[in-house]
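The values are calculated or read from the model by the stated rules, or taken from the named source; none is laboratory data. Since this is a predicted model, take the numbers as computed values, not measurements. Neighbour counts are summed over all protein chains in view; Cβ atoms, including those assigned to glycine, are modelled from backbone coordinates with ideal geometry. Just so you know, the surface numbers come from the protein's heavy atoms only, side chains and all, with ligands and any DNA or RNA stripped out. Shrake-Rupley method; radii C 1.70, N 1.55, O 1.52, S 1.80 Å.
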Amino acid sequence: MTMEGGDSCPCCKCGTSLPVNKLKAIKSDICSGCFKSEVIDMKRSLPPKQVTIQHCLQCDCYFHPPELRMKAQFGSKELMFFCVKILNKINFALVNAVFVGTEVDYSETKIIKVKLSLRKYVYSGWFTIQQDHVVEYLVEDQTCNSCSIVSSNLGLLVSSTL
């Protein structure tokens, strides 16, 4: 397609006329406005920045009600899997996940920070948007249902023997 100013092609999303870059092996058929709107859409659909999880001190399990429970040590691969698993509504390809700056503050609240590298393919794979995103997991110490049942049964057993 030729216009008065030279070669051009339409934007694949809005139809705006774009100049053809003859130096690129693969031409980009999207205008900067549509590309920016896709990046903004990506930022809106990122996982939450803070998630609360529970940790049972008795059995050393991490759990996220209602169904997810996993025995893992602080900073282990299993804990990383658990942290990523509870973000089950990620609309991106997970490229990498690493622990960053895990800390325990004076109020006994543990904070686990995980840096996720997320990738999204847009416009049939012509473009790739990749972004790092840090999620903070606030760890609350709480006895799990299994351990609370065991401890209540032990309490009944001790009281019945007296």
Fill in: Top-ranked residue in segment 20-38 [being more than 20 Å from Q130 (Cβ to Cβ) and at pLDDT 75 or above; ranked as surrounded by the most Cβ atoms within 10 Å (Cβ to Cβ)]
C31
Worksheet item: What are the residues in segment 46-90 that are in a loop (DSSP other than H, G, I, E, B) and acidic (D, E), if any?
Response: D60, E67
Discussion item. Criterion first (surrounded by fewer than 13 Cβ atoms within 10 Å (Cβ to Cβ), of a type in the set (S, T, N, Q) and at pLDDT 85 or above) does Q50 satisfy it?
Written reply: yes
Item to complete: Specify the residue that is most open to solvent (accessible area, probe 1.4 Å); the eligible residues are those in segment 64-100 that are polar (S, T, N, Q) and without any contact (Cβ under 8 Å) to a residue 12 or more places away in the chain.
Response: N88
